[in-house]
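*Asks:* Can you read through this structure? Questions will come right after.
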Amino acid sequence: MSEIQPHSVAVQHQGKDHSILPLFFRRFRGGWAARLLGIPAVLLLFVFPVAKLVWLSFQSDAGITLAHYRELIHQERFWITLQSTVTVVFGSTALSLLFGTVFAWFVAYTDIGRKRMLHPVILLCFILPSYVLTLSWSSFMGPQGWVSQLLQWINPGFTPWSMYSMGGIIFVMGIHHFPLVYMLTLDVFRKIPRDLEWAARAGGLGKFKTFCRITLPLALPGITAGGLLVFLASLDNFGIPAFLGTPVNISVLSTLIYEEIVGFGPSAFARGASLSVLLGTAAVLGSLLQWLLLRKSHAPDAVQPDSVPRYSLGRLRKPVSAALWAFLLLITAVPVSSMISLSLKRAYGLGLTASNLTFDNYRYILFENPRVWTSIQNSLILSLVTMLVCLAAGSLFAYLRVRKPSPWTKAAEIAVSVPYTLPGIVFALSMILVWMEPIPGWNPGIYGTMSILFIAYICRFLILQIRSGVTAFMQIDASIEEAARVSGAGIRRRWTAVLLPLVLPGLLTGGILVFLMSLTELTVSALLYASGSQTIGVTIFSFEQAGDTLYSTALSSLIVALIGAGGAALLLIRKWTSRQGDGNHEY
C-alpha cells in the first residue's frame, strides 16, 4: 500500500494540474485556434474570389444591373461561341464515353494479355498535358507530319485531315479525356455480380442481350458519372481549343473569356465576369450531378471488385490485344514521336534527313533564349513550392478531416474544392479581381508577379493533396495512434515515429501529382502571368501563336521527359508502398 500511494497521489496531482486550466483556454488550444485562423483564410482564399467575380458581373456605375448579361444575349458572337462550346463538349464527351467504356469492359471482363502494362498506357492519354497532346497531333497530321508523307507517297493529291477544325478539337479532347471514363467505369464493371449475368444466360439471353439488359444498366451510374467528369473537363479545357481553334476563328467559352480579358477595354472585366459566371454555373451544376451519380454508383462498396476474367477471347485474344495496343500507340506514342522528330529538324519545310537533323532547337530554348530558361525556372520553383505547401497544409487538414470530423472541416473541404471545381479560366479571373484590390483603395502589388501565381496554384491544387491525405489516413487505424499516446509519445513523436512512416507513400503520391499538375499548368497562368513570371505552358503557347513550331515542339518534348521522370518516381513510390504492405502482412 505504501509503495502504491505515492503513484496515486502523483496521478491525482497531475489531473489537478490539468483541471485548473480554464475551460475556454483548453478549447482554444484544441479546435478554436484552428477555426480562428482557418475560417478567415478559407473565406479570403477560396470563397471571396468567387463572390467578387459574381458581384462584378452584376455591378455597374448605376448599381446592380443585368446589363452585362443582356449585352451578351444580343451579341451574335456569344451565340456562335455557345454553339461551338456545346458541340465541342458533347462531341468530345460522346467520344470519351465510347472509348472509355470499351476499354473498361475489355480490361474488366476479358482475358486480354498484359493488363498491368495496358492500364498505365491508357492513363498516359490524360497524364500528357492537353497542349502537348495537341502539338503532337498537329505535328503528326500537319503538312510536314508522318501522315502527310505517307499520303504523298500513296498519291500526291491526298492531304491529311486538318486538326485545326471543329472535328480536330473534338477528337483530341475526346482521346485526352477518355481515361476519366475508363477509371470510373472499370471498378463498376468489376463489382457487377456475375450471378445475375449467369442467371440471364441460363434464362436464354445471349451475350449481347445480357450486356444490354443486365450489365449496362448496372454500370450506367458509373459510366454517366465518368461522362459528366469528361463534360466538366471539356468545359475547363483551354489548351486544346486555344491551339487548334484560335488560328481558324473557332471560339469556345474558355477562349472567349481569355480574349475578352487580354483585349482590355472599358468593360472587359465585367463581360469576362459575366461569361465566367455562366461557365462556372454549368461546371458547378455538373459537379453536383456527378457527385450524386458517384454516390449511387458507389452504393455497393461492400462488394469486392472481381478481377477474374468473365469471358475468354479464345483465338481472338491475340488479335484483339494487338488491336487495343495499336490503337493506344496510335493516339499517344506515334503522335509524340512525330512531334519529337519535328523538333529535331533544322528547317520546318524540309524532311527529317541527316542534313536536316539538328539539336539547335533544344540548344536555343535551353541556353540561348533567356525567356525560355526563365520560364523553366519559374515553373520548377512554382511546382516545388506548391508541392511543399500543399504537402504540409493538405496533410494537416486531411488528418483533422479524418481524426476530428466536424461540420467546420466538411464546410472547409467544400470551400477548398471550389477552385479546382471551377474552370481554370474562371478561377484565374476571380484571382485577378481579388488581388488587384483586396480592400477598396489598397493594392498590395501582387497582381502581375510570381506571388499571385503561388497563391493561385496552391489554392487550385490543394484539394488534390487533401484527397490523397484523407485516403492515406483512413487506411491507418486510430488505435495505433492511441497506443502510441498511451505509451507516452507526444504529438511530435507520434507523427515522426508512427504516422509519417505509414502514410508517407500516400502523401508523396499526392505531392508528386500536385507537382506535375503545377509544372504543366497553362489555363490559370495564361491570365495571371506577366513579363518575368511566364511559365513553361505559357511559353509554349506563345511560341505556337508566333508560328515558332520547332521551338514549341522542342520545349514540349522536354515536358514529356519531365513527366516520364515524374511517372518513374510514382512507380518507385508504389513499389515501396507494396513492399511495406507485404512486410506488414508477413508480420
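The values are calculated or read from the model by the stated rules, or taken from the named source; none is laboratory data. A quick note: this is a predicted structure, and the numbers were derived from the prediction, not measured. Using ideal geometry, Cβ is built from the backbone for each residue, glycine included, and neighbour counts are taken over all protein chains shown. Just so you know, the surface numbers come from the protein's heavy atoms only, side chains and all, with ligands and any DNA or RNA stripped out. Shrake-Rupley method; radii C 1.70, N 1.55, O 1.52, S 1.80 Å.
*Asks:* Filter region 189-214 down to the residues that are open to solvent by 20 Å² or more (accessible area, probe 1.4 Å) and either among the β-branched types (Val, Ile, Thr) or at positive phi (or both) and list them by number.
*Replies:* 204, 214
*Asks:* In region 64-83, what count of residues is obtained for those that are surrounded by fewer than 21 Cβ atoms within 10 Å (Cβ to Cβ), hydroxyl-bearing (Ser, Thr, Tyr) and in a helix (DSSP H, G or I)?
*Replies:* Going through region 64-83 one residue at a time, the tally reaches 1.
*Asks:* Then there's this: Filtering region 96-133 down to residues that are of a type in the set (S, T, N, Q) and closer than 23 Å to residue 319 by Cβ, which residue is most open to solvent (accessible area, probe 1.4 Å)?
*Replies:* Selected residue: 101.
*Asks:* Name the helices (runs of 4 or more DSSP H) wholly within region 215-280 that hold at least 1 residues that are open to solvent by 10 Å² or more (accessible area, probe 1.4 Å) and free of Cβ contacts under 8 Å to residues at least 40 places away in the same chain? Break it down into steps so the answer makes sense when it comes.
*Replies:* Details: elements: 216-236, 239-244, 253-262.
The helices (runs of 4 or more DSSP H) meeting that bar are 216-236, 253-262.
*Asks:* Out of all the residues in region 152-166, which are without any contact (Cβ under 8 Å) to a residue 24 or more places away in the chain, in a helix (DSSP H, G or I) and not β-branched (Val, Ile, Thr)?
*Replies:* If the condition is that a residue be without any contact (Cβ under 8 Å) to a residue 24 or more places away in the chain, in a helix (DSSP H, G or I) and not β-branched (Val, Ile, Thr), then 152, 153 are the ones that fit.
*Asks:* For region 310-369, which positions are part of a strand (DSSP E or B) and crowded, with 17+ Cβ neighbours inside 10 Å?
*Replies:* Within region 310-369, just 345 meets the criteria.
*Asks:* How many residues, within region 67-90, are aliphatic (A, V, I, L, M), more than 22 Å from residue 237 (Cβ to Cβ) and at pLDDT 85 or above? Walk me through it before giving the result.
*Replies:* Let us first name the residues in region 67-90 that are aliphatic (A, V, I, L, M), namely 67, 72-73, 80, 82, 86, 88-89.
Okay, now just the ones that are also more than 22 Å from residue 237 (Cβ to Cβ), so 67, 73.
Of the ones still in play, those that are also at pLDDT 85 or above are 73.
Adding up the residues that qualify gives 1.
*Asks:* I would also like to ask the following. Looking at 138, 60, can you tell me which residue is among the small types (Gly, Ala, Ser) and either in contact with a Leu (Cβ under 8 Å, 6 or more places away or on another chain) or modelled with pLDDT of 85 or more (or both)?
*Replies:* Testing whether each residue is among the small types (Gly, Ala, Ser) and either in contact with a Leu (Cβ under 8 Å, 6 or more places away or on another chain) or modelled with pLDDT of 85 or more (or both) leaves just 138.
*Asks:* Quick one: count up the residues across region 440-454 that are open to solvent by 40 Å² or more (accessible area, probe 1.4 Å) and either at positive phi or β-branched (Val, Ile, Thr) (or both).
*Replies:* Number satisfying all stated conditions: 3.
*Asks:* Shifting gears a bit: If you go through region 411-419 one residue at a time, do you hit one that is without any contact (Cβ under 8 Å) to a residue 40 or more places away in the chain, surrounded by fewer than 24 Cβ atoms within 10 Å (Cβ to Cβ) and of a type in the set (Val, Ile, Thr)?
*Replies:* Yes, region 411-419 has at least one match.
*Asks:* Within region 380-400, identify whether any single residue is assigned to a helix (DSSP H, G or I), farther than 30 Å from residue 252 by Cβ and over 30 Å from the mean Cα position of the chain (by Cα), and answer yes or no.
*Replies:* No.
*Asks:* Also, quick follow-up: Looking at (1) closer than 21 Å to residue 330 by Cα; (2) open to solvent by 30 Å² or more (accessible area, probe 1.4 Å); (3) in a helix (DSSP H, G or I), which one does residue 174 not meet, given that it meets all the others?
*Replies:* Every listed condition holds for residue 174 apart from (2).
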